[in-house]
1. Just the residues that are surrounded by fewer than 16 Cβ atoms within 10 Å (Cβ to Cβ), of a type outside the set (A, V, I, L, M) and at pLDDT below 85, please, taken from region 390-433.
2. Does any residue in region 105-119 that is within 8 Å of ALA261 (Cα to Cα) come within less than 7 Å, Cβ to Cβ, of a residue that is basic (Lys, Arg) six or more places away or on a different chain, and which pairs are these?
3. Condition first: over 27 Å from the mean Cα position of the chain (by Cα), among the β-branched types (Val, Ile, Thr), surrounded by fewer than 13 Cβ atoms within 10 Å (Cβ to Cβ) and at pLDDT 80 or above. Can you find one or more residues in region 196-213 that meet it?
4. Which residue is surrounded by the most Cβ atoms within 10 Å (Cβ to Cβ), if the candidates are limited to region 63-104 and must be in contact with a strand residue (DSSP E or B) (Cβ under 9 Å, 6 or more places away or on another chain), without any contact (Cβ under 8 Å) to a residue 12 or more places away in the chain and of a type outside the set (Ser, Thr, Tyr)?
5. Could you please let me know if VAL41 is out of contact with any strand residue (DSSP E or B) (no Cβ under 8 Å at 6 or more places or on another chain) and surrounded by 14 or more Cβ atoms within 10 Å (Cβ to Cβ)?
6. Restricting to region 291-324, name every residue that is farther than 25 Å from PHE100 by Cα and in contact with an Asp or Glu (Cβ under 9 Å, 6 or more places away or on another chain).
7. Hey, could you check region 376-389 for residues that are part of a helix (DSSP H, G or I) and more than 28 Å from ALA197 (Cβ to Cβ) and say which is modelled with the highest pLDDT?
8. Is it the case that some residue within region 315-328 is at pLDDT 90 or above and either within 26 Å of the chain's Cα centre (by Cα) or closer than 30 Å to ARG161 by Cα (or both)?
Amino acid sequence: MNRKSLMFVVIYIVFLSAGTSIATTFEPVTKTMTLNEILAVAREFNGDLQALREERKIGQASRARAGLFINPTLELDGATGKLSGAPAENRIGLGLSQEFLTGGKRKRRMAVAEAELIRFEHRMTEVERQIDLEIKTVVSEIRLAEGRSALAGKSNDLNRRLLNIAQARLLAGEIAELDVNLVKVENAQSEGMMIDAQRELIPAQQRLLALMGRSSSDILKISAPAAAGKAMPGLSDLKALALKKRPDLQALVVEKIRNDAAVALARADQYPNIQAGISFIREDGVTALGTMEERSTDYLVGFKLSVPFPVFDRNRAGIEEALARSSSTALRERHGRQVVEREVEGAYARYMTAEKVRNIYAKTVIPQLTENLKLVEEAYRLGEIGILTVLVEHKKFVEVNEAYLLAIFNCDVALAKLEASAGMDFNDQVSAKEK
């Protein structure tokens, strides 16, 4: 091998190694996570929540600004008589003044800023509540698509088993070839059903990754749902929990506190602030006695007190505005409590209905349907019934199981909405009386 060929081989190996390294670096990450782990990741990396955390710094800065004292003012003053024909007469002054807040304005401003920051915290929690609900809904959609895909696979298995029976009977001369062809058509339909389920699954998975703030190239598998925890509270307890824990209601309560503090600040603003200062002045002058002049230098210390007179503006407009905001918030809080109670009642009724439907399918319909399917297949194998009866039973099996999957989905979504309306996860529930 000559030198040129050897160099080509070395370069080829280097590029091949680099390509393998890059492929390894960008290999999609596959991870299995529970619903609680998914919610925790979303709360940490969701884009909207991250933006709100940055906005929270604005409120923190406002609170810090509200507690600061007003900066003092340094005043420099100078005058000369050079331009007026008295070059020996000069004056230099140095002063320092400070504005003092009256009526406890600093304390009241701090109260307003603190309440505003707490209200923003509740707003963040409200966004988390909405994101949790959206994630639980998307997870339910993914499980529904996965269930439909599994059902399509089960239907495919049933059709293959039936096809084997039909082919065996065809060889025995018991049936016509048409029976086999009908089963092949049903088998193709089940494969199309599986493709449709996969088509619904991918967009839901991408939406979930976006809510979690994860890369779209990641592969996420959701573990099976955990067993139910404690018994669900009754409707009255759920209402009490919602009224106490819902962050949107808590935000209204804090907003009312904030507006009350703003009313107190507006009332304090009708009293003017006081500005006091001290100054040091040096004056150079000349005293003329006939043809003689006597130069003199005087040092003066001065004090200044400025108090505006609130004759025309006593902040009546500001007080009325603050009172109107406080009254409006009180009305919205009262209305919000009624809306939350109605929301809990509606979500509770929808969940109880969905749970009953799911139990009917799980305990009665699906077991009986599975038993019927076995009997029909056995009867066809023994030649007691025709192929059309079996195909009708297969179709009914698929349709009823799909309805059962939809009932599970409706129950899961209803439970997620009930948890969102109550403002808590029932797996971490606490009795309303314990709080």
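1. Passing the criteria: ASN427, ASP428, SER431, LYS433.
2. From residues that are within 8 Å of ALA261 (Cα to Cα), the pairs are VAL112/ARG258.
3. no
4. Kept after step one, since they are in contact with a strand residue (DSSP E or B) (Cβ under 9 Å, 6 or more places away or on another chain), are these residues of region 63-104: 69-82, 86-102.
If we keep only those that are without any contact (Cβ under 8 Å) to a residue 12 or more places away in the chain as well, we get 71, 80-82, 87.
Right, trim to of a type outside the set (Ser, Thr, Tyr) and you get 71, 81-82, 87.
Values: ASN71: 8, GLY81: 15, LYS82: 10, PRO87: 11.
Checked region 63-104; the qualifying residue surrounded by the most Cβ atoms within 10 Å (Cβ to Cβ) is GLY81.
5. On the way: out of contact with any strand residue (DSSP E or B) (no Cβ under 8 Å at 6 or more places or on another chain): no; surrounded by 14 or more Cβ atoms within 10 Å (Cβ to Cβ): yes.
Answer is no for this residue.
6. ARG295, SER296, THR297, ASP298, TYR299
7. Initial filter on region 376-389 (part of a helix (DSSP H, G or I)): 376-381, 387-389.
Within this subset, residues satisfying the condition of being more than 28 Å from ALA197 (Cβ to Cβ) are 378-379, 381.
Details: GLU378: 85, ALA379: 88, ARG381: 81.
If we take residues in region 376-389 being part of a helix (DSSP H, G or I) and more than 28 Å from ALA197 (Cβ to Cβ), then ALA379 is modelled with the highest pLDDT.
8. Scanning region 315-328 turns up no residue that is at pLDDT 90 or above and either within 26 Å of the chain's Cα centre (by Cα) or closer than 30 Å to ARG161 by Cα (or both).
The values are calculated or read from the model by the stated rules, or taken from the named source; none is laboratory data. Not measured: the values here are computed from a predicted model. So basically every Cβ, Gly included, is an ideal-geometry build from the backbone, and we count neighbours across all protein chains shown.
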